[in-house]
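The values are calculated or read from the model by the stated rules, or taken from the named source; none is laboratory data. Everything quoted here is computed from the prediction, not taken from an experiment. Methodologically, a virtual Cβ is constructed for each residue, glycine included, from the backbone with ideal geometry; neighbour enumeration extends over all protein chains shown. Quick note on the areas: whole protein, heavy atoms, side chains included, nothing else; ligands and nucleic acids left out. Shrake-Rupley method; radii C 1.70, N 1.55, O 1.52, S 1.80 Å.
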Amino acid sequence: MTDDRVIAREDLDALFDALHRCGYTVVGPTVRDSTIRLAEIAGTRDLPAGVTDEQEAGRYRLAQREDAALFGFNLGPDSLKRWQLPPDRTVWRARRKPDGELTDFSTDARSGPAGMPDRIAYIGARACELHARAILERVLLGGNHPDPELRERADALIVIAVQCGEAGPTCFCASMGAGPKVTSGYDILLTELLDADHHVFIAATGSVRGEELLAEVPTRRAGSEELAAARATPARAAEQIQRKLDADWVKELLYAHLEHPEWESVAQRCLTCGNCTMVCPTCFCTSVEDVTDLTGEQVERRQQWDSCFAVDHSYMHGGGPARQSARSRYRQWMTHKLASWDDQFGTSGCVGCGRCITWCPVGIDITEEAQAIGAVTHGPARATPAKED
Amino acid sequence: MLTLAQEIAAAEVFAGLAPEYLDLITGCGQNVHFDAGVILQREGDPADVFYLIRRGSVALEVHHPGAEPIRILTEGPGEPVGWSWLFEPYRWHLDARTIQPCSLIALDGACLRGKCEQDPALGYELMRRFARCLVERLEATQFQLLDVYGNARVGV
Amino acid sequence: MLASASDTATASAGPLVPAPFRLLAKRRETADTWTLELEPRHGTPLEFAPGQFTMISRGGCGEVPISISGDPDEPERLVQTVRAVGLATSALCEAEPGEVLSVRGPFGTAWPLEEAEGADVVIVAGGIGLPPLRGAVLRMLAQRERYGRLVLLYGGRAPDQLLFGEQIQQWREQGLEVLITVDSAGPEWIGHVGVVTRLIGRAGLDASRVLAMTCGPEVMMRFVVATLADTGVQSDRIHVSIERNMQCGIGVCGHCQLGPVLVCRDGPVFRYSEVERWMRVREL
């Protein structure tokens, strides 16, 4: 939109102040329990300054950086999903009259669990996060029956994105066309520039709201060297990406190999814990339960995140689950993400953020599984284990 | 009304047989009529006669002591009743009972069996056709065993 | 933004909030199956197309998807036939007239009644699979002249578990050919005994004229489809109603996936050729 501006490190708190003045709760990365989580933060002092993360399949550790970068790490287990689709919410609460009629429905977001504010500014979104946000919005709100509460949440959200300057070992956003460069979907985009002499953020705006916000922050025009450095930032991250997945080919590959022996092999390792679905920024499965008080007068329908790894996920009324084996449940997750999502919603369900790889307790790697299914089709089939769990 | 020969030629189990074989089978056949509720054959009886249904229907039942017979299958017009006449030990496995007044063609299975021994081409044709009946029966039995209506679906 | 704000206003209750329906009458169909007749508590009839379903619940006992078994030309009455197999369905069957139940919907796709015009329509129903087809039968009989032969092949477990006995007799008089079979029966039953697929051969169908609709347990539908295919009916002329774990009804909870389809949103009625590949995969 307008020309890129420069915010000095010490002026970045003015952005928080502006958001707070407009009534926004700022959510961003912060260190909790030796992990970079997303939580409400007050200002730059809550950001993980000088902290980085070391990630590999099944491994996550924090480490100190040699500099004081505020965004010198990759993604933690949380994603914007927590605010787009809260993990536990009351979809309605009602009073039950003696004849059974439910009345006095309240669906107000504030009736949900405590601590779930409804006007959120998210600072620190990476390219993959923005793509994930769009995918999840398409799932939740793109159909014929959008949920008004979730619509409100989506519309109220302000996004302050950050360009990645480094890629983590589990990242594969480039393969999924979801990064590392942020190109759209933000109100303000920050690129952190840091050397011995200065620490600044190049700020671009992507919306009128973003422009209005940035006007509240002391800035100066960006110089051409700074602009060049900003442009080089995501390019540097792109060069560091190690993992790959052939997104053009994976859908047909998986559909063609629903009975591939690799599913059995991965089932031998998979604990069906569902971690991958919890950390995935697009996994959207939820289940509902009705909760009544002791008198039966107050009824509440609660919606909670669910996982296709839970055996009851595919429960058939009057029968058992359609997907009983670990093999079928892993296959469901992976083929949904990389293949059937496209048929269901017109987009891939994967942005290549790598969270599912990092947070899998046994280090199952979706990119490796895709390769295994692709590779074995050209070579001898692996022995099929005699036993299924 | 079709003649005995036409009725036999039109039955799916005999359709397309060479004319001389159809003549031979017709020669072994005889029109018979039964009231409803008549036992045509009993489990364990020698299987020397089988039937082709012209009108009415015939139930195959399993008898067990202390309870009503269990009706496991019904056969209708154009369908044969019984294949045990063609397979050793040539004894009926089930009771067969008319459930309506029936017009049937009774066929002399013992005689046909003898012809099959003498003419392997006829034997092959009949074996092939009745084996198909057996396969269909086996598949239907498997389906029946699933008891699919017992626990599936609630109303969607 | 403005457009979405006004959309929000018109749908302010949201798709997850149920509407109240008063139970007017209930009729026992079999030992465990009841037909419930409901009317909207606040006026608006629930217009639906035969094949669609609602999410229905009785005050806090959990919500279940149930096909509408009523007459589409009488939307002021919501008719649902429910088999008690779990908590939520048992609670529904135990509701007494006068009580108010909670209903969302209608959701999902409908039987292809327009496409079926001119065809010989063969309806193959198994067990509790008949109620989802009842609305289609009623609509086709109301427009009898638009269709060729109308044939209902209905299979059940035993004679005392067959639904809609008297109505089926009326349908016969209105031009529906009906063949009924049960898996097993005692000697008092003079009808067919055997699996429902055997009725297909007995119906004397001209495969080139047939459009088939089938609903029942998934295993049964697979056998039905295979038998229809044997008689020469193409899989794009066969429509099936599929059951999966439908929880939201609007395609956002993820439970009812069958490969590329969300059964609650893209179904429950599918052209068989569209789902054939996926129904064949075990544990999909």
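How many residues, within segment B:38-64, are part of a loop (DSSP other than H, G, I, E, B), open to solvent by less than 40 Å² (accessible area, probe 1.4 Å) and within 22 Å of B:Ala110 (Cβ to Cβ)?
2
Considering only segment C:32-51, state which residues are open to solvent by 30 Å² or more (accessible area, probe 1.4 Å), within 28 Å of C:Asp160 (Cα to Cα) and modelled with pLDDT of 95 or more.
C:Trp34, C:Glu37, listed by residue number.
Select, from A:Gly72, A:Gly23, A:Gly100, A:Gly76, the only residue that is assigned to a loop (DSSP other than H, G, I, E, B) and surrounded by fewer than 18 Cβ atoms within 10 Å (Cβ to Cβ).
One residue alone meets the criteria, A:Gly23.
Under 7 Å between Cβ atoms, at least 6 apart or on separate chains: pull out the pairs that start in segment C:183-205 with a residue that is assigned by TED's automatic domain parsing to the domain that holds C:Phe223 and in contact (Cβ under 8 Å) with a residue 12 or more places away in the chain and end on any residue that is assigned to a helix (DSSP H, G or I) and of a type outside the set (A, V, I, L, M, F, W, C).
From residues that are assigned by TED's automatic domain parsing to the domain that holds C:Phe223 and in contact (Cβ under 8 Å) with a residue 12 or more places away in the chain, the pairs are C:Asp183/B:Gln144; C:Ala185/C:Pro159; C:Trp189/C:Pro159; C:Val195/B:Gln144; C:Thr197/C:Thr227; C:Ile200/C:Thr227.
Filter segment A:318-355 down to the residues that are open to solvent by less than 10 Å² (accessible area, probe 1.4 Å) and either small (Gly, Ala, Ser) or not in a helix (DSSP H, G or I) (or both) and list them by number.
Within segment A:318-355, A:Arg323, A:Ser325, A:Ala326, A:Ser328, A:Ala339, A:Ser340, A:Gly349, A:Val351, A:Gly352, A:Gly354 meet the criteria.
Which one of these is more than 9 Å from every other protein chain (Cβ to nearest Cβ), open to solvent by 10 Å² or more (accessible area, probe 1.4 Å) and farther than 25 Å from A:Asp365 by Cβ: A:Glu166, A:Glu137?
None of the other options fit; the residue is A:Glu137.
Scanning for something in contact (Cβ under 8 Å) with a residue 40 or more places away in the chain, part of a strand (DSSP E or B) and over 17 Å from A:Ala134 (Cα atoms), does segment A:172-180 turn up at least one residue?
no
Out of (1) open to solvent by less than 40 Å² (accessible area, probe 1.4 Å); (2) more than 22 Å from A:Ala204 (Cβ to Cβ); (3) among the hydrophobic types (A, V, I, L, M, F, W, C), the odd one out for A:Ala14 is which?
Only one criterion is unmet by A:Ala14, namely (2).
Say whether the condition of being within 14 Å of another protein chain (Cβ to nearest Cβ) and either more than 16 Å from C:Leu262 (Cα to Cα) or modelled with pLDDT of 95 or more (or both) is met by at least one residue in segment A:351-365.
no
If you check every pair at least six apart or on different chains, which have Cβ atoms under 9 Å apart with a residue in segment B:129-151 that is within 12 Å of chain C (Cβ to nearest Cβ) and farther than 25 Å from B:Tyr21 by Cα first and a residue that is of a type in the set (Lys, Arg) and buried (at least 17 other Cβ atoms within 10 Å of the Cβ) second?
Taking only residues 6 or more apart or on different chains, the pairs are B:Ala140/C:Arg198; B:Asp147/C:Arg157; B:Val148/C:Arg157; B:Tyr149/C:Arg157; B:Gly150/C:Arg157.
Find the residue count for segment A:282-310, including only residues that are loosely packed, with under 15 Cβ neighbours inside 10 Å, touching a strand residue (DSSP E or B) at 6+ places or on another chain (Cβ under 7 Å) and more than 9 Å from chain C (Cβ to nearest Cβ).
Total meeting the criteria: 2.
Which of the numbered conditions does A:His313 fail, given that it passes all the others? Conditions: (1) touching a strand residue (DSSP E or B) at 6+ places or on another chain (Cβ under 9 Å); (2) assigned to a helix (DSSP H, G or I); (3) surrounded by fewer than 22 Cβ atoms within 10 Å (Cβ to Cβ).
A:His313 satisfies every listed condition except (3).
For C:Ile250, all conditions in the list (1) β-branched (Val, Ile, Thr); (2) buried (at least 20 other Cβ atoms within 10 Å of the Cβ); (3) away from chain A (no Cβ under 14 Å) hold save one; what is the number of the exception?
(3)
Please go through segment A:224-256 and pick out each residue that is acidic (Asp, Glu) and open to solvent by less than 50 Å² (accessible area, probe 1.4 Å).
A:Glu226
Pairs only if they're at least six apart or on different chains, beta carbon under 6 angstrom, first in segment B:98-116 and farther than 16 Å from B:Val13 by Cα, second in a strand (DSSP E or B) and of a type in the set (Phe, Trp, Tyr); list them, first residue then second.
Every condition considered, the pairs that remain are B:Thr98/B:Phe34; B:Cys102/B:Phe34.
What is the residue count in segment A:26-48 for residues that are in a strand (DSSP E or B) and not hydrophobic (A, V, I, L, M, F, W, C)?
7
Name the residue that is farthest from B:Ala36 (Cα to Cα), counting only residues in segment C:186-198 that are at pLDDT below 90 and in contact with a strand residue (DSSP E or B) (Cβ under 7 Å, 6 or more places away or on another chain).
Checking each candidate, the answer is C:Gly186.
Provide a single number: the residues in segment C:179-207 that are in contact with a helix residue (DSSP H, G or I) (Cβ under 7 Å, 6 or more places away or on another chain) and more than 10 Å from chain B (Cβ to nearest Cβ).
Of the residues in that region, 1 qualify.
So which of A:Ala49, A:Ala39 is surrounded by fewer than 18 Cβ atoms within 10 Å (Cβ to Cβ) and within 16 Å of A:Val162 (Cβ to Cβ)?
Sole residue among the options that is surrounded by fewer than 18 Cβ atoms within 10 Å (Cβ to Cβ) and within 16 Å of A:Val162 (Cβ to Cβ): A:Ala49.
Of all residues in segment A:30-64, how many are within 19 Å of A:Gln242 (Cα to Cα) and touching a helix residue (DSSP H, G or I) at 6+ places or on another chain (Cβ under 8 Å)?
Final tally of qualifying residues: 6.
Checking the structure you have, find out if any residue of segment C:208-230 is part of a loop (DSSP other than H, G, I, E, B), modelled with pLDDT of 95 or more and within 10 Å of chain A (Cβ to nearest Cβ).
Looking for residues that are part of a loop (DSSP other than H, G, I, E, B), modelled with pLDDT of 95 or more and within 10 Å of chain A (Cβ to nearest Cβ), one finds none in segment C:208-230, hence no.
Among the residues of segment A:155-162, is any buried (at least 23 other Cβ atoms within 10 Å of the Cβ), more than 23 Å from A:Gly223 (Cβ to Cβ), β-branched (Val, Ile, Thr) and within 18 Å of the chain's Cα centre (by Cα)?
Scanning segment A:155-162, I find at least one residue that is buried (at least 23 other Cβ atoms within 10 Å of the Cβ), more than 23 Å from A:Gly223 (Cβ to Cβ), β-branched (Val, Ile, Thr) and within 18 Å of the chain's Cα centre (by Cα), so the answer is yes.
How many residues does segment C:44-67 contain that are touching a strand residue (DSSP E or B) at 6+ places or on another chain (Cβ under 6 Å) and under 22 Å from C:Thr109 (Cβ atoms)?
Result for segment C:44-67: 12.
In this structure, is A:Gly76 farther than 30 Å from C:Arg22 by Cβ, among the small types (Gly, Ala, Ser) and within 19 Å of the chain's Cα centre (by Cα)?
Yes.
Go through segment C:152-166 and give me each residue that's without any contact (Cβ under 8 Å) to a residue 40 or more places away in the chain, not basic (Lys, Arg) and not in a strand (DSSP E or B).
C:Ala158, C:Pro159, C:Gly165, C:Glu166
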